[in-house]
Structures are given as C-alpha cells and as structure tokens.
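Asker: Pasting a structure below so you can have a look.
The values are calculated or read from the model by the stated rules, or taken from the named source; none is laboratory data. Values in this document were obtained by computation on a predicted structure and should not be read as measured data. Positions of Cβ are generated from backbone atoms using ideal geometry, with glycine treated the same way; all protein chains shown enter the neighbour counts.
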Amino acid sequence: MSGTSWTNSPVTLYHGTLLSAAKELIKNPINLSKCRDRSDFSQGFYTTTSRIQAVTFANKKYDLTRKPNPRFVNAAALLSWAVDRNALGTADNLVFVRADEDYWRFVSSCRNGAKRHKMTGYYDLVYGPVNLSLDRRRILPNSDQVSFHTAKAIDILQNSKMIYQIGSPHLEI
C-alpha cells in the first residue's frame with residue numbers, strides 16, 4: 001500500500017429512522033430527553049459507521065410501524081453526518097473494541113436503567129458492538145454503534161454537515 005497516506009478525513013455517521021422523526025431532527029436540535037433509555041449504552045442518540053446497518057434499521061422500523069396501521073403514511077429515512085475526527089477526540093469517550101466481559105457488564109447495567117456511566121455522569125460518547133442478545137451474549141456481526149450522551153457530544157454532531165435520504169417507502173441498500 002505504498003503511496004496511501006492518512007488524511008484524517010471526517011468519519012461518516014448514519015442514523016436510520018422514519019421520515020417523521022428525520023423531519024424533526026432536521027428542523028430542531030437533538031433532544032436527549034426524547035431518546036429511549038435502557039439502551040445498550042444508556043439513554044442517548046445512536047449512530048453507526050455502517051450505512052447498511054442504518055438502512056436495515058430504518059426499513060425494519062418502517063415495517064414494524066406499518067404493520068399495526070397499514071394506512072400509516074411514512075417512509076424509512078437515513079440521516080448522515082460528516083463528523084470531524086478531531087472534534088470527536090475532544091470528547092470524553094468510552095470505547096469497546098470487542099464484546100468482552102467489561103462490555104457485557106456495561107450493557108447489562110445500562111439496560112437495567114443505570115443513570116450514569118461513571119461517577120460524574122455520562123461519557124460524552126460510547127462506541128462499541130451492537131448487542132443482539134444480552135442473555136446469550138451475542139452481538140450483531142459487522143456492526144457498531146456510536147452513541148451521544150451529553151450536550152457536548154450533541155454539539156459535535158450538530159456542528160457537522162448533515163445529509164438525508166428518504167425511502168419510498170424503503171431505502172435501498
């Protein structure tokens with residue numbers, strides 16, 4: 001690989017959702033209090049570096065919403081941000097490279113309603129594998145999640161360029 005040099009270019013983060021939620025996120029700042037708690041890394045705004053993972057999630061979310069109400073007018077949507085790596089580096093980060101014992105204890109604690117990651121509150125960002133089954137300790141292969149937990153972290157995302165894509169009703173992988 002001679003001739004290839006590191007450029008420290010922005011990292012692209014994706015968020016798969018429904019069109020109605022995407023419109024809200026485009027108009028208004030991310031509101032952490034509206035984010036689901038008891039998630040893998042506690043209450044936060046979740047993204048991934050995998051476009052395929054985000055598209056799959058958005059399409060599944062659309063399908064689940066549509067089943068109980070076939071007249072429901074919506075579509076899958078994909079938001080993405082080009083985030084400066086140096087800005088991410090200024091945040092208080094917690095990173096799980098693999099699903100080891102520490103990862104499973106942390107996810108279990110968060111899923112059980114922990115209101116803090118550490119003694120002073122939350123890490124700004126948490127990065128790691130996606131939990132598929134806490135009981136069986138299985139992760140989603142070839143996946144990751146980057147979760148934003150504080151106003152500082154949300155500012156990093158909000159100050160990045162956002163792009164959105166709307167499905168009709170599904171998104172193409």
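Asker: Just to be sure, is TYR164 surrounded by 14 or more Cβ atoms within 10 Å (Cβ to Cβ), under 16 Å from the mean Cα position of the chain (by Cα), under 25 Å from LEU25 (Cα atoms) and modelled with pLDDT of 95 or more?
Answerer: No; evaluated as a whole, the condition is false for this residue.
Asker: List, please: which pairs have Cβ atoms under 6 Å, are six or more places apart or on different chains, and start with a residue in the range 83-95 that is in contact (Cβ under 8 Å) with a residue 12 or more places away in the chain and end with one that is of a type in the set (Val, Ile, Thr) and surrounded by 17 or more Cβ atoms within 10 Å (Cβ to Cβ)?
Answerer: ALA87/ILE156; LEU94/VAL126
Asker: Got a number for residues in the range 136-171 being within 14 Å of ALA54 (Cα to Cα), in a strand (DSSP E or B) and of a type in the set (A, V, I, L, M, F, W, C)?
Answerer: Residues that pass the stated criteria total 3.
Asker: Being of a type outside the set (Phe, Trp, Tyr), at pLDDT 95 or above and within 29 Å of LEU64 (Cα to Cα) is true for just one of ILE173, ILE154. Which residue is that?
Answerer: Of the residues listed, the single one that is of a type outside the set (Phe, Trp, Tyr), at pLDDT 95 or above and within 29 Å of LEU64 (Cα to Cα) is ILE154.
Asker: Where in the range 1-98 are the helices (runs of 4 or more DSSP H), entirely inside, with at least 2 residues that are at negative phi and either at pLDDT 95 or above or touching a Cys at 6+ places or on another chain (Cβ under 6 Å) (or both)?
Answerer: 51-66, 85-89
Asker: Among the residues of the range 138-161, what is the count of those that are touching a Gly at 6+ places or on another chain (Cβ under 7 Å) and surrounded by fewer than 15 Cβ atoms within 10 Å (Cβ to Cβ)?
Answerer: Of the residues in that region, 0 qualify.
Asker: Could I ask something else about it? So the check is Cβ under 8 Å with 6+ separation or different chains; which pairs have a first residue in the range 115-129 that's touching a residue at least 40 places away in the same chain (Cβ under 8 Å) and outside any loop (DSSP other than H, G, I, E, B) and a second one that's hydrophobic (A, V, I, L, M, F, W, C) and crowded, with 23+ Cβ neighbours inside 10 Å?
Answerer: Close Cβ pairs satisfying both conditions: VAL126/PHE41; VAL126/VAL146; GLY128/PHE41.
Asker: What single numbered condition from (1) at pLDDT 95 or above; (2) within 19 Å of the chain's Cα centre (by Cα) fails to hold for ARG105?
Answerer: Of (1) at pLDDT 95 or above; (2) within 19 Å of the chain's Cα centre (by Cα), only one is false for ARG105: (2).
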